[in-house]
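Notes follow the structure.
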Amino acid sequence: MIEPVLIDTGPLVAVLYGKDSYHKKCVEQLGALTRAPITCWPALTEASHLLGRVGGSVGELLRMVASKELRVAELGEESAEWLKEFLNRYASAGADLADAGLVYLAERDGADTVFKLDRRDYSIYRLSNGKSLRLLPDG
């Protein structure tokens, strides 16, 4: 498994909401990681909102952060221009701030793998070297 792995909103919700159709697959994939996945605050905000709508546990999400089962990488002020350019470049694909934040972290920190359920947008996103990101879960 290539590490580190960035994790997006969908898998976070699926792991924490047992009735999600991807729950089992995402729990298994999370368990296969050898290090805690990394996310950003925009993805956590989205996950919190979605969990609140379905009756999932936002408290459990925050417990994962506090216990370091889930790492949160900061998006400092220096990232704002990069994020703005990414959102403009991929506006027609519906890029959101969570997507932009994760791709920024991939660029900044050298990660090339994202744990993501909705693959449509990530199939067109490219790093500055032209490479696409590897997506989990496989298949």
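What follows draws every value from the coordinates through simple rules; no lab data is involved. Just so you know, these numbers come straight off a predicted model, no measurement behind them. Counting neighbours? That spans all protein chains shown, and the Cβs are built from the backbone with ideal geometry, glycine included.
Per-structure values
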{"item": "Exposure proxy ranking, count of Cβ atoms within 10 Å, fewest first, for TYR22, TYR17", "result": "TYR22, TYR17"}
{"item": "Computed magnitude of the charge dipole of the chain (debye, nearest 20; Cβ of K, R +1, Cβ of D, E -1)", "result": "420 debye"}
{"item": "Taking N as its residue count, the alpha carbon Rg of the chain over 2.2 N^0.38 Å", "result": "0.99"}
{"item": "Order by protection proxy (mean Cβ within 10 Å, highest first), peptides 52-61, 37-46", "result": "37-46, 52-61"}
{"item": "Rg/Rg_ref, region 1-77, where Rg_ref = 2.2 N^0.38 Å and atoms are Cα", "result": "1.04"}
{"item": "About the Cα centre, charge dipole magnitude for region 6-85 (Lys/Arg +1, Asp/Glu -1 at Cβ), debye", "result": "480 debye"}
{"item": "Neighbour-limited loop hits for trypsin sites (Lys or Arg not before Pro), region 84-136 (at most 14 other Cβ within 10 Å; DSSP other than H, G, I, E, B)", "result": "ARG119, ARG120, ARG126, LYS131"}
{"item": "Furthest towards positive pole of dipole, ALA100, SER21, ALA80, structure part the chain, Cβ charges", "result": "SER21"}
